[in-house]
Amino acid sequence: MSEGCVFCDQSWMRAAEIFIETPHCIFASTRDPGIRAQAGLAEGVLPGSGAIVPIAHRTSVFQLTPAEWADTRDLLLQAQVALHDLLAPDGYLLGWNQGGVLHPHMHVIPRFDDEPLSDRWLRSAINVPENRRPDPWANGSGRALRGAS
């Protein structure tokens, strides 16, 4: 565990609404913005947004081991089912973040047709207040799980 590393302190992630752990990676997602505040992160706009994070320190996503890649895929599929049960999203936005952190991580962001900025990329999806949905907790169509476009 590295001093000051937000991803080494998993206590805030374990408090998330959805927390899934494998031997090499974790997924944490929450509808509670207070969880993000505990970790010193900006308040998220879209409920359910989360990340898949390798447990071991890596400086780049390109350094992930085959086991970490396999766990990432496994967690992505488990997260899709859990998020469908929670919010039935219309789609997903996936994006890797690396640089400036010791744990490159994949953002898993449920997307909804009624988002004001539904056509925008990662930062506007989760950090721009103008992207708040009329009812942030309302279910989507569930189209994302069915695989329809």
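The residues of segment 124-142 that are surrounded by 11 or more Cβ atoms within 10 Å (Cβ to Cβ), at pLDDT below 85 and not aliphatic (A, V, I, L, M), listed by number, are Ser124, Asn127, Asn131, Arg132, Arg133, Pro136. Residue-level analysis places Asp74 among those that are in contact with a Ser or Thr (Cβ under 9 Å, 6 or more places away or on another chain) and modelled with pLDDT of 90 or more. Pairs linking a residue in segment 105-121 that is at positive phi to a residue that is surrounded by fewer than 22 Cβ atoms within 10 Å (Cβ to Cβ) and at pLDDT 90 or above, with Cβ atoms under 7 Å and 6 or more positions apart or on different chains, do not occur.
Any idea which residue in segment 65-83 is surrounded by the most Cβ atoms within 10 Å (Cβ to Cβ), counting only those that are in contact with a strand residue (DSSP E or B) (Cβ under 6 Å, 6 or more places away or on another chain) and among the aliphatic types (A, V, I, L, M)? Break it down into steps so the answer makes sense when it comes.
Here is the first cut: in segment 65-83, the ones in contact with a strand residue (DSSP E or B) (Cβ under 6 Å, 6 or more places away or on another chain) are 68, 71-72, 75, 78-79, 82-83.
Still in the list and also among the aliphatic types (A, V, I, L, M): 75, 79, 82-83.
Numbers: Leu75: 24, Ala79: 23, Ala82: 19, Leu83: 26.
Only one residue fits best here, namely Leu83.
The values are calculated or read from the model by the stated rules, or taken from the named source; none is laboratory data. Model, not experiment: these values are computed from the prediction. No Cβ is skipped: glycine too gets one built from the backbone with ideal geometry, and neighbour counts run over all protein chains shown.
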